[in-house]
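Student: Questions regarding the structure given below will be posed in turn.
The values are calculated or read from the model by the stated rules, or taken from the named source; none is laboratory data. The structure presented is a predicted model; accordingly, all values stated were derived computationally and were not measured. Methodologically, a virtual Cβ is constructed for each residue, glycine included, from the backbone with ideal geometry; neighbour enumeration extends over all protein chains shown. All accessible areas refer to the heavy atoms of the entire protein, side chains included, with ligands and DNA or RNA removed. Shrake-Rupley method; radii C 1.70, N 1.55, O 1.52, S 1.80 Å.
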Amino acid sequence: MSLLLVSPNLAAQGPIGGFPVARGEVAIAPAYSVERYDTYLGAGGAPEDRSVTTTGYSLFVEAGLNDQTALVATLPYLRTEDRSGSLQDASLWIKYKNFDQRERKGAQRVFTAVGLSFPVGNYATTGIAALGQRASVFHGRLVYQYQFDSGFFVHGQSGIDFQFAPESRSTWPLLLRTGYGSRYFYLEGWMEFITALEPGTAVQTATAGSGSSWRRLGGTVYLPVLPWAGVVAGGAYVLGGEYIGQSSRYNLGLVIKLVPEAAE
């Protein structure tokens, strides 16, 4: 099973999955999302009344370069309230399959991934409706996934995010995921923990401020419509954190899979 699912908001869940991608295979996933909160969690998680709605459009692409390596790219467009929207921060990743071993009841896999996210839009960086901080960030991930023959899987990934512009900051991400996939549907639930390794500041944006930390719970369902395409829907909720809106998010998208003729 090779399912490629897009996360429409790069502040949540991230673009690196635990399924391998064959040489020459390409997945393209456009998506739409709406995120809203009425409470902003400030210093120490102190709640503050604030109502912000963010609408997002995103594009995710994953391409198999060879049997071990894939290229991942993302590009989001965001708009808050009735303000003008903008492209936000694109990202480029290299994902490498270090280990893929068959076991008695399934297969276990280990991936490493490194990436760089960088601003591509001239958006505002201050104020409660700002789209982000125009930050440049290095990402590193170590991913483990066990895929049972029954279709169930368990997944964990962690690493480091190091922001080197406009100021130096780092965060520790942890993502736990489990789900089930078959030829008829795919279903997963996930829990994400983002921990800032330096104290936060008063810099605030519509989604997350400088030095943000959070705990987020979400789920995704994918339904194939054609052998090469399907629809994906999901949602997420911020359980708590600091310098972030306590938001609910809903997303809907398409997944289009292009396979080389020799593999069809």
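Student: List pairs: first residue in segment 213-239 and within 23 Å of Pro199 (Cα to Cα), second residue of a type in the set (S, T, N, Q) and open to solvent by 20 Å² or more (accessible area, probe 1.4 Å) anywhere in the structure, Cβ distance under 6 angstrom, at least six positions apart or on different chains.
Tutor: From residues that are within 23 Å of Pro199 (Cα to Cα), the pairs are Ser213/Thr195; Val238/Gln246.
Student: Answer yes if at least one residue in segment 185-203 is polar (S, T, N, Q), at pLDDT below 95 and out of contact with any strand residue (DSSP E or B) (no Cβ under 6 Å at 6 or more places or on another chain), and no otherwise.
Tutor: No; the residues of segment 185-203 include none that is polar (S, T, N, Q), at pLDDT below 95 and out of contact with any strand residue (DSSP E or B) (no Cβ under 6 Å at 6 or more places or on another chain).
One line per residue, one yes/no per condition, for (1) in a loop (DSSP other than H, G, I, E, B); (2) buried (at least 16 other Cβ atoms within 10 Å of the Cβ); (3) modelled with pLDDT of 95 or more:
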| position | (1), (2), (3) |
| --- | --- |
| Phe111 | no, yes, yes |
| Asn122 | yes, no, no |
| Ala129 | yes, yes, no |
| Gly132 | yes, yes, no |
| Tyr146 | no, yes, yes |
| His155 | no, yes, yes |
| Ser158 | no, no, yes |
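Student: Given the conditions (1) more than 19 Å from Pro47 (Cβ to Cβ); (2) at pLDDT below 95, and given that Gly211 satisfies all but one, which numbered condition is not satisfied?
Tutor: (1)
Student: Does Ser84 count as part of a strand (DSSP E or B), farther than 15 Å from Val143 by Cβ, at pLDDT below 95 and over 19 Å from the mean Cα position of the chain (by Cα)?
Tutor: The answer is no for Ser84.
Student: Of all the residues that make up segment 157-196, how many are more than 21 Å from Val221 (Cβ to Cβ), touching a Gly at 6+ places or on another chain (Cβ under 9 Å) and not β-branched (Val, Ile, Thr)?
Tutor: Number of matching residues: 8.
Student: Restricting attention to segment 95-151, report how many residues are among the charged types (D, E, K, R) and more than 21 Å from the chain's Cα centre (by Cα).
Tutor: 6
Student: Still on this structure, please answer the following. Given the criterion within 12 Å of the chain's Cα centre (by Cα) and either at pLDDT 95 or above or in a strand (DSSP E or B) (or both), identify the matching residue among Leu5, Leu59.
Tutor: Going through Leu5, Leu59 in turn, just one is within 12 Å of the chain's Cα centre (by Cα) and either at pLDDT 95 or above or in a strand (DSSP E or B) (or both): Leu59.
Student: Continuing with the same structure: Give the number of residues within segment 160-199 that are of a type in the set (D, E, K, R), surrounded by 15 or more Cβ atoms within 10 Å (Cβ to Cβ) and within 18 Å of Glu242 (Cα to Cα).
Tutor: Residues flagged as of a type in the set (D, E, K, R), surrounded by 15 or more Cβ atoms within 10 Å (Cβ to Cβ) and within 18 Å of Glu242 (Cα to Cα) within segment 160-199 amount to 3.
Student: Could I ask something else about it? Within segment 53-76, count every residue that is surrounded by 17 or more Cβ atoms within 10 Å (Cβ to Cβ) and touching a Phe, Trp or Tyr at 6+ places or on another chain (Cβ under 6 Å).
Tutor: Total meeting the criteria: 3.
Student: Right, next: Which condition breaks for Ile16 when tested against (1) open to solvent by less than 20 Å² (accessible area, probe 1.4 Å); (2) modelled with pLDDT under 90; (3) under 21 Å from the mean Cα position of the chain (by Cα)?
Tutor: (2)
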